[in-house]
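The structure appears below as structure tokens.
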Amino acid sequence: MTTATNSERARPLDMKLEVIVVPVTNVDRAKEFYASLGWRLDADFADGEAFRVIQFTPPGSGASVIFGTNVTDAAPGSARGLYLIVSDIEAARDDLRRRGVDVSEVFHAGDVHAGDDEPYLFGRLRVGGADPERRSYRSYASFSDPDGNGWLFQEVTARLPGRVDASTTTFASAADLASAFRRAEAAHGDYEKQLGHRDEDWPTWYADYMVREQTSAPQPS
């Protein structure tokens, strides 16, 4: 008879959030909208006219959205504060604008917890423009689908401590990796100014900077 060790019993099982249900009124209209965002269509299944489910996945996302006929009894438009994490808030906003989607201006969180603003971060008031210090988690832009389900872009360039396994640092997409390269390039330019000459080993510096940024470790000096 095999007995599980304490470490085996303590190790949690993987639980991956993969699907979020979005309540809509017109399924075909919703399908056209989410396709216009450039999201991947994974499924469109129907069982007569009584049931239909459609699934889309945003680029680089491990989670998908589903909607359809008799998928949920939630009121259409009641899904609010659905977060889409991006590494470049202006680029994400510009991409949707090119696709004909009405997206808010970039804004950041004020310090006042009051007002009737659209729900995000527990109702803080919006302040125009990106976060002045361009801190991770602080800059946003919002848009809605045709039913009023509310989405938020949130710019995240460095995760809070404990949010990323340092031994499994990854980038979700080529766009995320390119954005990380651009931030490393800017930081490396400052580093070379301190050196006073070209850094011949810049690839090592870039790699170290990008991994440290993602895992919230102190940056190289």
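Enclosing the Cα atoms of segment 174-215 in their convex hull gives a volume equal to 61 cubic angstrom per residue. Computed from the Cβ-Cβ distance with R0 of 45 Å, the FRET efficiency linking residue 32 to residue 201 stands at 0.35. Computing FRET efficiency as 1/(1 + (r/R0)^6) for residue 185 and residue 43, where r is the C-beta to C-beta distance and R0 is 41 Å, gives about 0.55.
Computing FRET efficiency as 1/(1 + (r/R0)^6) for residue 98 and residue 135, where r is the C-beta to C-beta distance and R0 is 25 Å, gives about 0.40. All other residues whose Cβ lies under 12 angstrom from that of residue 33 are scored, Lys and Arg at +1 and Asp and Glu at -1, for a net of -2. The stretch between residue 13 and residue 63, if pulled fully straight at 0.36 nm per residue, gains 16.2 nm over its current Cα-Cα span.
Values quoted throughout were computed directly from the atomic coordinates according to the rules given, and no laboratory measurement underlies them. Given the structure is predicted, the values throughout are model-derived calculations rather than measurements. In this analysis, Cβ positions are derived from the backbone assuming ideal geometry, glycine residues included, and neighbour counts consider all displayed protein chains.
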